[in-house]
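Presented below is the structure to which this report refers.
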């Protein structure tokens, strides 16, 4: 586990207390305010959760500063960034979560006018530490309301909250993330280090990237444990299919909006990459967001049923390369075993097949196949392209339900 040398302390005015007899937020924050949010190692180093608390090595006592609105002092010199931020800002919020073991903050976006809000699972579970939490949501204009957790999805690291308030909110407008291009302009809006309504600009750096993180699901029969911590090959791993961006994302941005130049949602910010130990705990220009199409599907299912469904291929796979001397460069997922009666077996996939594309997207490793399958709903139809005895084969598959395993 990495050591982080720098520590920052922010002390600001206390949050309005919603219940007179409740302990103050400062008292709850003082119990535990530092969170490790490392995840799996990538080429550059560790992927770090963009989220809970102030993130890696940061101590926070009350991060909810008075929000700064999207200020325009000179209308003659506004940019597309100003326009995108002004359009999306009313649909964004800061999410504060507290439990008996600690507290932290992330970000979120409103889904409906009556208060359904989308954020990350690792935000509402305090990185897997607790399922018994108290949640408050602060809107872009500084109002604070209580919220409850409607449902969570640890597989895609998403969660839906219901904000109780006597007002109507502005739902975020979703864009089609399948139509994104590398190089498209984007803006991230959130609360890095608790600094609400922070806007950063960048581009889409890569699409269909797969990262591996430790699950933020709370262990069964326990109120703490797990979390989005440095993944060392033990415990439960989650593979996420993400958008990569160079828009600055830092701890506290988790669950926040990544929007296009029209202010439409293209992704939910979820993680950042670190170049290594030391002071590199903030943005280095490598951030990741869950595509809006995936986020919208998961959110709609949670709002309707309280949970999300996940597809299952029913095949055990490993990384495959056609060159033994270049084994570190995978170019497909080799089928090693099949689940009896599973989707893959029913469709005619065989042990030894090399899956190279799933729904038209290139598959370079077992983790990429896993993440591509799990973003689909149970029962979805998929096109699998594979190599069999040196020949290309295309197979249509009706995916199973991961809930049945």
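Each reported figure results from applying straightforward, stated rules to the coordinates on display, with no laboratory input. Just so it is clear, the structure is predicted and the values come from calculations on it, not from any experiment. Cβ sites come from the backbone with ideal geometry, for glycine too, and all protein chains shown count toward neighbours.
Using Cβ counts within 10 Å as a stand-in for footprinting exposure, how do 288, 174, 110, 169 rank, fewest first?
Ascending Cβ contact count within 10 Å gives the list 174, 169, 110, 288.
Taking the radius of gyration and the Kirkwood hydrodynamic radius from Cα positions alone, what is the Rg/Rh ratio for region 311-404, to two decimal places?
0.95
Normalised by the number of residues in region 297-405, what is the relative contact order in percent for Cα pairs under 8 Å and 6+ residues apart?
On the way: 228 pairs, mean separation 31.8, N = 109.
With pairs under 8 Å counted, the relative contact order is 29 percent.
Can you divide the C-alpha Rg of region 95-176 by 2.2 N^0.38 Å and report the result to two decimal places?
Taking N as the residue count of region 95-176, the ratio is 1.04.
I need the peptides 188-201, 292-305 ranked by packing, meaning the mean over residues of other C-beta atoms within 10 angstrom, with the highest value on top.
Details: 188-201: 24.5, 292-305: 20.1.
Ranking the peptides 188-201, 292-305 by packing returns 188-201, 292-305.
What is the extension gain from residue 113 to residue 275, computed as 0.36 nm multiplied by their sequence separation minus the C-alpha to C-alpha distance, in nm to one decimal?
Working: separation 162, 0.36 × 162 = 58.32 nm, distance 4.02 nm.
Roughly 54.3 nm would be gained on extension.
Would you mind calculating the gained length between residue 174 and residue 208 on full extension (0.36 nm times residue separation, minus the Cα-Cα distance), in nm to one decimal?
Numbers: separation 34, 0.36 × 34 = 12.24 nm, distance 1.85 nm.
Full extension of this stretch gives 10.4 nm more.
By average Cβ neighbour count within 10 Å, what is the ranking of 115-121, 240-246, 387-393 from highest down?
The most tightly packed comes first, giving 115-121, 240-246, 387-393.
Quote to one decimal, in nm, the extra length available between residue 383 and residue 346 on full extension: 0.36 nm per residue of separation minus the C-alpha distance between them. All intermediate terms of the calculation are to be shown ahead of the outcome.
Values: separation 37, 0.36 × 37 = 13.32 nm, distance 1.38 nm.
The residue 383-residue 346 span can extend by a further 11.9 nm.
Please give the FRET efficiency for residue 79 paired with residue 359, using the beta carbon to beta carbon distance and R0 = 41 Å, rounded to the nearest 0.05.
0.65
I'd like the distance between the alpha-carbon centres of region 351-405 and region 76-110, rounded to an integer number of Å.
Each part reduced to its Cα centre gives a spacing of 36 Å.
Taking 45 Å as R0, compute the FRET efficiency from the Cβ-Cβ separation of residue 148 and residue 391 and round it to 0.05.
It comes to 0.25.
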